[in-house]
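Everything on this sheet refers to the single structure shown next.
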Amino acid sequence: MCMNRYESAKAIYADLGIDTEKVLVKLATLPVSLHCWQGDDVRGFDHDGPLTGGIQTTGNYMGRARTPDELIADMEMVMSLCPGAKKINVHACYAIFEDGKFVDRDKLEPKHFQRWIDLAKKYKVGIDFNPTFFSHPMVKDGLTLSSPDEKTRKFWIEHGKACVRISEEMAKQTGYPCVMNIWTGDGFKDIPADRLGPRQRYKDSIEQFLAIPFDKNLVKPCVESKVFGIGVEAYTVGSAEFALSFAAMHDGCLPLMDNGHYHPTEVVSDKIPALLAFFPEIALHITRPIRWDSDHVVLFDDETKEMAKEIVRCDALDRVYMALDYFDASINRIGAWTVGFRSWQKALLSAMLTPNAMLKDLQDQNKMSELMIAQEMVKTLPFGDIWNEYCTRNNVPSDLELFAKIDAYEKDVLAKRV
Ligand code: RNT
Ligand code: ZN
């Protein structure tokens, strides 16, 4: 009898000591946070103004989700096309005012996110949450939590407090901890005269809103750093050193690394084990920067694979909160969203199908030529056959079948949004 492709690939991996059955089961349990903001170009529902804060979407492909109903329908479509466990990642600007009563960001309550909580419950998944410190009239001279204007700073501190309460409620209702990520685009276009003051105010502001009582097992606050944004090229308040030091000095606070937020030759794959040597838990924003923090769709490329490899070979799958963060408005958004999620699944699968113990051993014995050859060998193992099996077992389309599904949704649903 002729073996099918999966069975034959399974035997090849088994020879290297890898049990593909175990890997397929385990991978499907690892939660990856699916960001809601790919579906509507990071607009949200609480304002009409432009996207600000140094981030930009480019392109105007048809079919952008314009309402909560549309965005949730699109997200459900994406989930149906992606294998693996999910979390739902929501920004505060995606508040839904079901009773028609708008409240500003400093007054948000859990009830404004009940639709999202119900969506998570429907899929038995958790939610991650993000205060939105951008795209808002209270951003004063490009600053929020670091503003010298006390009224402005107070408004954003109140927003932070509201978000801690919302995050805690999300965790309580879903039964999963809520990772609450703090990122601001605060900074200056040109050379500042005071680099310390804004950072002291930023530090004090975060400390103020994290001082309200909350259960640290339910809410996991993170601070995300950045090197620069569009329009804030000279100085970013929440720099790498700022975010890392803040997390290191505040119990229960995690550093969040976004791989679009570093100088072009720095790699987050190398930073992951460095932080794991010190922090019990860390968080990631997985994206694809091209020349800048362009937030292109995540692909199954070298650095994506390398990041997944580090998490797996550091045995840190339960210490790293993995979230996606990209937004491309120039192509079918369902396709963009889906390919990014599936690429990270592929990266994790590929890392779990790597004979890591054997490779480490070669390194420790300083057998570097053998290590190089072994690492090159791994690259041509029959990974695609295991990936196809994973898709089949999780009832999602294979890569070959994917475009037809996305195209049909475009014709049936997206094209009608005029
Ligand atoms: C911006 C940061 C931030 C945002 C999201 C929308 O550069 O990466 O994480 O992309 O919060
Ligand atoms: Zn990010």
Which number in (1) more than 28 Å from Val232 (Cβ to Cβ); (2) within 16 Å of ligand 2 (Cβ to nearest atom) marks the one condition that Gly84 misses?
-> (2)
Scan (1) within 16 Å of ligand 2 (Cβ to nearest atom); (2) assigned to a helix (DSSP H, G or I) for the single condition Ala347 breaks and write down its number.
-> (1)
From the residues in the stretch 232-282 that are more than 16 Å from ligand 1 (Cβ to nearest atom) and small (Gly, Ala, Ser), which one is farthest from the chain's Cα centre (by Cα)?
-> Ala234
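Is it the case that some residue within the stretch 134-156 is hydroxyl-bearing (Ser, Thr, Tyr), surrounded by fewer than 18 Cβ atoms within 10 Å (Cβ to Cβ) and more than 21 Å from Arg43 (Cβ to Cβ)? Explain how you work it out, then say what you get.
Keep residues of the stretch 134-156 that are hydroxyl-bearing (Ser, Thr, Tyr), which gives 135, 144, 146-147, 152.
If we keep only those that are surrounded by fewer than 18 Cβ atoms within 10 Å (Cβ to Cβ) too, we end up with none.
The answer is no; no qualifying residue exists.
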Could you say which residue among Ile96, Ile88, Ile55 is farther than 25 Å from Ile331 by Cα, aliphatic (A, V, I, L, M) and either surrounded by fewer than 23 Cβ atoms within 10 Å (Cβ to Cβ) or out of contact with any Pro (no Cβ under 7 Å at 6 or more places or on another chain) (or both)?
-> Ile96
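Could you tell me which residue of the stretch 3-36 is nearest to Ala323 (Cα to Cα), considering only residues that are hydrophobic (A, V, I, L, M, F, W, C) and in contact with an Asp or Glu (Cβ under 8 Å, 6 or more places away or on another chain)? Walk me through how you get there before you give the answer.
Looking only at the stretch 3-36, we keep the residues that are hydrophobic (A, V, I, L, M, F, W, C), and these are 3, 9, 11-12, 14, 16, 18, 23-25, 27-28, 30, 32, 34, 36.
If we keep only those that are in contact with an Asp or Glu (Cβ under 8 Å, 6 or more places away or on another chain) as well, we get 9, 24.
Working: Ala9: 30, Leu24: 20 Å.
Per the criteria, the residue is Leu24.
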Of all residues in the stretch 240-264 being within 17 Å of Arg201 (Cβ to Cβ) and touching a helix residue (DSSP H, G or I) at 6+ places or on another chain (Cβ under 8 Å), which is surrounded by the fewest Cβ atoms within 10 Å (Cβ to Cβ)?
-> His250
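Per-residue answers, yes or no, for (1) within 22 Å of the chain's Cα centre (by Cα); (2) aliphatic (A, V, I, L, M):
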| site | (1), (2) |
| --- | --- |
| Lys111 | no, no |
| Arg115 | yes, no |
| Val125 | yes, yes |
| Asp128 | yes, no |
| Pro137 | no, no |
| Pro148 | no, no |
| Lys151 | no, no |
| Val164 | yes, yes |
Segments classed as helices (runs of 4 or more DSSP H), wholly inside the stretch 228-329, with at least 2 members that are in contact (Cβ under 8 Å) with a residue 40 or more places away in the chain, within 13 Å of ligand 2 (Cβ to nearest atom) and among the polar types (S, T, N, Q) | none
Determine which single condition Tyr176 fails, assuming it passes every other condition in (1) surrounded by fewer than 19 Cβ atoms within 10 Å (Cβ to Cβ); (2) outside any loop (DSSP other than H, G, I, E, B).
-> (2)
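The numbers here are math on the coordinates, done by the rules we state, and not lab data. What you see is a predicted model; the values in this text were computed from it and never measured. Please note: Cβ atoms are built from the backbone with ideal geometry, for glycine as well, and neighbour counts cover all protein chains shown.
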